[in-house]
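Written out below as structure tokens is the structure these notes cover.
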Amino acid sequence: MLSDLKRIIDQICRDRGFDKKLLIDAIEEAVEAAAKKKLGSRRDIEVRFNEEFGEVEVFQFRTVVLEVEDEQTEISLEEAKALDVEVQLDDELGEKMEHIEDLGRIAAQSAKQVIIHKMKDAERDVIFEMFKDRKGEIVSGIVQRFERGNMIVNLGRTDAILPRDQQIPKRSFKQGDRIRAYLDDVRQNARDSQLILSRTCNDFLAKLFAMEVPEIAEGIVEIMGVSREPGFRAKIAVSSLETDVDPVGACVGMKGSRVQNVVQELQGERIDIVPWSPDPAKYVYNALAPAHVSMVMADEEAKTLLVVVPNDQLSLAIGRQGQNVRLASRLLGWRIDVKSEQRYENLENPGYQTLLAVDGIEEPLADQLLARSIFSIEKLAEATVDDLIVLRSINEEQAQQLIDTAKRLIEEGVVTVSSAKEDTDADDVTGTDDVIDTDTNDVNGSVATEPPVEPAVVNEDSTEVELECEKEVAGAEGSISAEQPTGDEQK
């Protein structure tokens, strides 16, 4: 029938990596469906592929009867004798059908659809087997097209999808560009796309460094944590298993060549390389660099860190829109509160504590009251409305309410300066927080930490590795809290 069918089957299986039996089964099923569509759905039809002659053979089986009532399932004894002289009544007689190429256009189209469907299923299985062990690797491809914001990337044998939310914001690719991405997921039964890529996950950055830094690939330098805000800034903590190998220097490379390659792949994302430490206080000291840290108070049970920085270092420690401290918090997996030395000194003031006990007074407002010489709840109770309305965000009604609340608390004896002083003294005796003072000349005898290695920062406009020096002002006496991240945000 089809003299070249065997050669076509061999070529398709070789090009696409199919199992030959899968394609033969698809052809047999397709021809069977086409024959039933043309000759009748009640016919008992069997299709076999003859590899010796390279053709498809179709047989129909009918029951031998004396009088035919259903031509599709029965054959008369006389006709059966003409095909096989030894046939008996009620036997199942198989007959090879000739000229199956004349099944018709509709039947042929049905056969084509069945074969295409089977080939797609087989191809999905082949792709899954090919990529299932590569999940978690970096793959390279060419941008094929865009569909509703999603990027379709050609990996050679198949296409993968880079979803919109996994693309680095404000970084564009055009059709035909070569791109590298992290193979995030491999789906077996997906109808649309089996391979899901990502360029925003933390593992993508870690894998890029493993490709660029031989010490990481060899296991000498280990990546201890990664936190990113894709397209803007990232922090990566590294540690060395050998004392004579500098983990930060290994990742930076000669004149920043290694880290610069990673930055170029991420299209200018700034990267801080931070030395890891098992001590949370020293770790946060390194993570917040280049800002200088005066003191760190750690609560291991609550996993919180109170970081005190010089007044002129507050904006540098916080970073643009809180970015620096937020990334440090994700890197450590701890909640970090950053306060200036002046704010911390105020918090130690008993009178300042009594102001915070008044409903409606937060630390920023308490700072303003302190600047107006209202340094305790008693002074607040003695103040006038005119004394308070000069402050920002305070109107007459709110001012009167604060004064009345202060008077009520004093009358009830709930809050006084003396009681606040007693509470502070008690906290000094019973406090359980670890205090680390970075001043080596501290006369109180607290533990001093060594100066950290400043993290290397790569500027996209320079090929040299420079130390970060953020100039944004986030408020001279402000503070910011970075919430402890969830498990998905931590590496």
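The values are calculated or read from the model by the stated rules, or taken from the named source; none is laboratory data. Since this is a predicted model, take the numbers as computed values, not measurements. Cβ sites come from the backbone with ideal geometry, for glycine too, and all protein chains shown count toward neighbours.
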Mind counting the residues in region 124-154 that are without any contact (Cβ under 8 Å) to a residue 60 or more places away in the chain and within 28 Å of PHE232 (Cβ to Cβ)?
16
PRO214, sole failed condition from (1) within 15 Å of the chain's Cα centre (by Cα); (2) exposed (fewer than 15 other Cβ atoms within 10 Å of the Cβ)
(1)
So the helices (runs of 4 or more DSSP H) completely within region 351-409 holding 3 or more residues that are of a type in the set (A, V, I, L, M), without any contact (Cβ under 8 Å) to a residue 24 or more places away in the chain and outside the structural domain of ASP337 (by TED's automatic domain parsing) are 363-371
Only residues that are out of contact with any Phe, Trp or Tyr (no Cβ under 6 Å at 6 or more places or on another chain), free of Cβ contacts under 8 Å to residues at least 60 places away in the same chain and closer than 18 Å to VAL307 by Cβ: list them for region 322-350, please.
GLU341, TYR344, GLU345, LEU347
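What are the residues in region 165-188 that are outside any loop (DSSP other than H, G, I, E, B) and buried (at least 20 other Cβ atoms within 10 Å of the Cβ), if any?
Initially, region 165-188 is screened for residues outside any loop (DSSP other than H, G, I, E, B), giving 165-166, 178-186.
Within region 165-188, GLN166, ALA181, TYR182, LEU183, ASP184, VAL186 qualify.
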Restricting attention to region 168-183, which residues are on the phi < 0 side of the Ramachandran plot and free of Cβ contacts under 8 Å to residues at least 40 places away in the same chain?
SER172, PHE173, LYS174, GLN175, ASP177, ARG178, ILE179
Failed criterion for SER315 (all others in (1) farther than 16 Å from SER227 by Cα; (2) free of Cβ contacts under 8 Å to residues at least 60 places away in the same chain; (3) assigned to a helix (DSSP H, G or I) hold)
(2)
When you look at GLY445, is it surrounded by fewer than 11 Cβ atoms within 10 Å (Cβ to Cβ), modelled with pLDDT of 50 or more and not aromatic (Phe, Trp, Tyr), yes or no?
no
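Considering each of PHE232, PHE209 in turn, give the residue that is among the aromatic types (Phe, Trp, Tyr) and under 19 Å from ASN286 (Cβ atoms).
Just one listed residue meets the conditions, PHE209.
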